[in-house]
1. Quick one: in the range 295-320, which of the residues that are over 28 Å from Asn143 (Cα atoms) and surrounded by fewer than 20 Cβ atoms within 10 Å (Cβ to Cβ) is farthest from the chain's Cα centre (by Cα)?
2. Given the conditions (1) under 30 Å from Arg288 (Cβ atoms); (2) without any contact (Cβ under 8 Å) to a residue 24 or more places away in the chain, and given that Tyr177 satisfies all but one, which numbered condition is not satisfied?
3. Restricting to the range 1-33, name every residue that is part of a loop (DSSP other than H, G, I, E, B), farther than 21 Å from Leu81 by Cβ and open to solvent by 20 Å² or more (accessible area, probe 1.4 Å).
4. Among Glu119, Glu82, Glu59, which is surrounded by 11 or more Cβ atoms within 10 Å (Cβ to Cβ), within 30 Å of Glu320 (Cβ to Cβ) and out of contact with any helix residue (DSSP H, G or I) (no Cβ under 9 Å at 6 or more places or on another chain)?
5. Would you point out the residue of the range 204-223, among those that are among the polar types (S, T, N, Q) and open to solvent by 70 Å² or more (accessible area, probe 1.4 Å), that is farthest from Asp322 (Cα to Cα)?
6. For the range 327-346, give me the residue count where each residue is open to solvent by 10 Å² or more (accessible area, probe 1.4 Å) and either within 22 Å of Ala47 (Cβ to Cβ) or at pLDDT below 85 (or both).
7. For the subset of the range 250-279 comprising residues that are exposed (fewer than 13 other Cβ atoms within 10 Å of the Cβ) and charged (D, E, K, R), which member is farthest from the chain's Cα centre (by Cα)?
8. If you scan the range 186-203, which residues turn out to be within 20 Å of Ala297 (Cα to Cα) and either buried (at least 20 other Cβ atoms within 10 Å of the Cβ) or touching a helix residue (DSSP H, G or I) at 6+ places or on another chain (Cβ under 7 Å) (or both)?
Amino acid sequence: MRLNRLELRNYRNYQDLILKFPNRLNIFLGENAQGKTNLLESIYVLALTRSHRTSSEQELIGWQDDFAQIKGRIDRGTSELELELLLTKKGRKSKINHIEQKKLSSYIGQLNVILFAPEDLSLVKGSPQIRRRFIDMELGQINPVYLYDLAQYQQTLKQRNLYLKQLSEKKQTDEIYLDILTEQLADFGSKVLANRLKFVKKLEFWSNDLHRKITNQKEELEIKYEASIPLESEDIEDIRIIFLNELKKNRKREIFKGNTFLGPHRDDLIFQVNQQNVQTYGSQGQQRTTALSVKLAEIDLMKEETGEYPILLLDDVMSELDDNRQIHLLETIENKVQTFLTTTTLNHVKGKMTGHPDIFYVHQGQIERTETE
């Protein structure tokens with residue numbers, strides 16, 4: 001998979017921009033607050049229809065404009081695709097080859113990206129919410145139907161929590177509607193859980209191999225899915241029955257508290273290095289190596305699942321890694337993955353790669369391109 005052309009209109013500090021990317025490694029070079037991350041973000045938004053930096057689409061639109069537009073031309077397998085995303089105050093529209101896509105699941109997955117930013121180093125030691133979001137965004141690209149099941153689960157959860165609160169406050173007394181919502185929650189939740197379990201198992205396989213290489217065979221990495229209900233199988237029907245039983249067991253307590261205690265929205269990932277919980281007992285170096293191993297593992301995992309390598313977006317992450325981790329990162333991606341990298345200096349890549357990247361100098365939203373010798 002490869003992005004050949006990017007076109008932006010009224011996107012943040014870019015009013016009218018067209019960039020072409022003939023090479024695999026593309027570096028956006030410049031001082032801070034010049035618009036480097038905006039370029040990476042636009043590629044991410046083109047792929048996933050939403051930003052990793054904000055939940056407000058209004059922030060993506062130039063402050064004097066009514067809309068923003070992102071277009072991209074990509075090579076996928078033997079075909080070329082034109083992707084287009086229009087962002088307005090009323091919402092967004094997505095197109096593939098100029099045909100509007102009504103369903104999110106039919107658009108997402110056309111362009112697969114992996115973003116690695118400094119905040120991703122908190123994947124290991126950050127909150128469970130960060131790790132759940134990580135699973136949802138990566139799994140959603142591989143299996144867009146997962147996004148539909150997740151959205152249905154979240155909508156049902158919202159309705160169920162509202163009704164539980166009404167029962168708790170005695171504003172409702174009929175529990176038949178709660179039965180219906182509980183059945184629906186178990187239906188969608190079991191699909192979400194089954195997909196997450198399979199994803200985490202594959203992620204562990206690829207991550208551990210990379211982790212061994214980075215640590216010179218000194219460390220073994222395990223990734224465990226910590227569910228809020230007991231799981232003994234990846235079968236959807238088995239999970240549904242267990243989930244339903246656990247919800248029934250906690251019914252009185254949930255009505256009393258007015259909230260849903262169990263389900264994918266309460267789950268977490270546990271990272272273990274040499275059988276020790278790296279979140280709790282690992283050094284900062286071990287936590288960073290774990291995060292790097294996990295992010296790089298996604299490259300091969302996506303290739304295995306989709307048949308195409310994704311595009312890698314590195315947002316000023318090189319400065320956060322020591323020389324050993326920088327070298328492993330660059331060796332993993334070289335001649336394999338199209339990469340877009342933001343940095344304030346070229347010191348992190350000089351002499352560490354055999355190829356010649358394209359350099360895009362970014363200054364106050366203006367870009368000058370040159371190829372390294």
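The values are calculated or read from the model by the stated rules, or taken from the named source; none is laboratory data. Since the model is a prediction, treat every value here as computed from it, not as a measurement. Note that we place each Cβ from the backbone using ideal geometry, even for glycine, and neighbour counts take in every protein chain shown. Protein only, heavy atoms only, side chains kept; ligands, DNA and RNA dropped before computing areas. Shrake-Rupley method; radii C 1.70, N 1.55, O 1.52, S 1.80 Å.
1. If we take residues in the range 295-320 being over 28 Å from Asn143 (Cα atoms) and surrounded by fewer than 20 Cβ atoms within 10 Å (Cβ to Cβ), then Ser319 is farthest from the chain's Cα centre (by Cα).
2. With (1) under 30 Å from Arg288 (Cβ atoms); (2) without any contact (Cβ under 8 Å) to a residue 24 or more places away in the chain applied to Tyr177, the lone miss is (1).
3. Correct list: Arg12, Asn13, Glu31, Asn32, Ala33.
4. Only one candidate qualifies: Glu59.
5. Gln217
6. Qualifying residue count for the region: 8.
7. Across the range 250-279, the extreme among qualifying residues is Lys252.
8. Correct list: Asn195, Arg196, Phe199, Lys202, Leu203.
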